[in-house]
Amino acid sequence: MTVRVMLVSPATSEELREARFGGDGPLDEAGARRARAAAGAVAGVVARVDRFLSGPSRRCRETAAELGAAAPPAEVLGELGDWDMGRWRGRRLDEVGVSEPEAVSAWLSDPAAAPHGGESLLALCERVGGWLRSLPDDAGRVLAVVEPAVARAAVVHALSLPAEAFWRLDVAPLTLTELSGRAERWNLRCGRPLGADSG
């Protein structure tokens, strides 16, 4: 049986606009407004999923609440949490780049490096890949609101890409990345904005 995994990136927040690592603030006003506007377009999709999930960040939970306003609340899964940035959490990339240039260089060039004390890129991809592998063949349609790093890691795992490909993938706010298939054989459809043709 084919499994369909639909990953929605959350709407914008102040932390996202400031390029902060792992910020957990609320949606900003524009992000909340866009999430509410997208809700009508995806209501039919949300109503037809077998599992409605959310990453644990406040931004993901608030986006899920807006998108699924007429549905039962999304189940929050720790496995779908944002990339653990350790002691860099809450800091901006530009400020860390000034104070720790060698650490940032290592982080960007070595998928096994975790100079911040959190997860390496390899560990993130393995965690998200483990979640994908855990989905049973009869999982049906799964919709999950996840941070962009989680969606990117899912694509890297699903397509058996080298970890370095993660840096070449962009996931914009309120876009849909779809994986269909089953463990070890996934097809990808990515970057669809949430709109009337999202079903």
(Q) Is it the case, given these coordinates, that D28 is modelled with pLDDT of 95 or more and of a type in the set (D, E)? (A) no
Q. Just a yes or no: is a residue in the range 146-167 touching a Lys or Arg at 6+ places or on another chain (Cβ under 6 Å), surrounded by 14 or more Cβ atoms within 10 Å (Cβ to Cβ) and free of Cβ contacts under 8 Å to residues at least 24 places away in the same chain?
A. no
Q) Of all the residues that make up the range 1-21, how many are in a loop (DSSP other than H, G, I, E, B), farther than 12 Å from P148 by Cβ and open to solvent by less than 70 Å² (accessible area, probe 1.4 Å)? A) 2
Q | Hits in the range 129-170 - residues which are β-branched (V, I, T), assigned to a helix (DSSP H, G or I) and more than 24 Å from A103 (Cα to Cα) | A | V155
**Q.** The listed residue being more than 20 Å from L77 (Cβ to Cβ) and among the hydrophobic types (A, V, I, L, M, F, W, C), out of A139, A103, A151, A123
**A.** A103
**Q.** Near pairs, Cβ below 6 angstrom, 6+ apart or cross-chain, from the range 172-187 (in contact (Cβ under 8 Å) with a residue 40 or more places away in the chain and at positive phi) to any residue that is open to solvent by 50 Å² or more (accessible area, probe 1.4 Å) and not in a loop (DSSP other than H, G, I, E, B)
**A.** L174/R34; G181/N187
Q.
Restricting to the range 54-80, and then to whatever is touching a Cys at 6+ places or on another chain (Cβ under 9 Å) and at pLDDT 95 or above, can you tell me which residue is nearest to R36 (Cα to Cα)?
A. S54
(Q) So in the range 68-85, with the set limited to residues that are assigned to a helix (DSSP H, G or I) and touching a Phe, Trp or Tyr at 6+ places or on another chain (Cβ under 9 Å), which one is nearest to V171 (Cα to Cα)? (A) L80
Q. Looking at the range 36-54, is at least one residue in a loop (DSSP other than H, G, I, E, B), out of contact with any His (no Cβ under 7 Å at 6 or more places or on another chain) and in contact (Cβ under 8 Å) with a residue 12 or more places away in the chain?
A. yes
Q: Test G55 against the stated conditions and say whether it is open to solvent by 40 Å² or more (accessible area, probe 1.4 Å) and within 30 Å of M1 (Cβ to Cβ).
A: no
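The values are calculated or read from the model by the stated rules, or taken from the named source; none is laboratory data. Everything numeric in this text was worked out from a predicted model, so none of it was measured. So basically every Cβ, Gly included, is an ideal-geometry build from the backbone, and we count neighbours across all protein chains shown. Side chains are part of the model used for accessible areas, which takes the heavy atoms of the whole protein and leaves out ligands, DNA and RNA. Shrake-Rupley method; radii C 1.70, N 1.55, O 1.52, S 1.80 Å.
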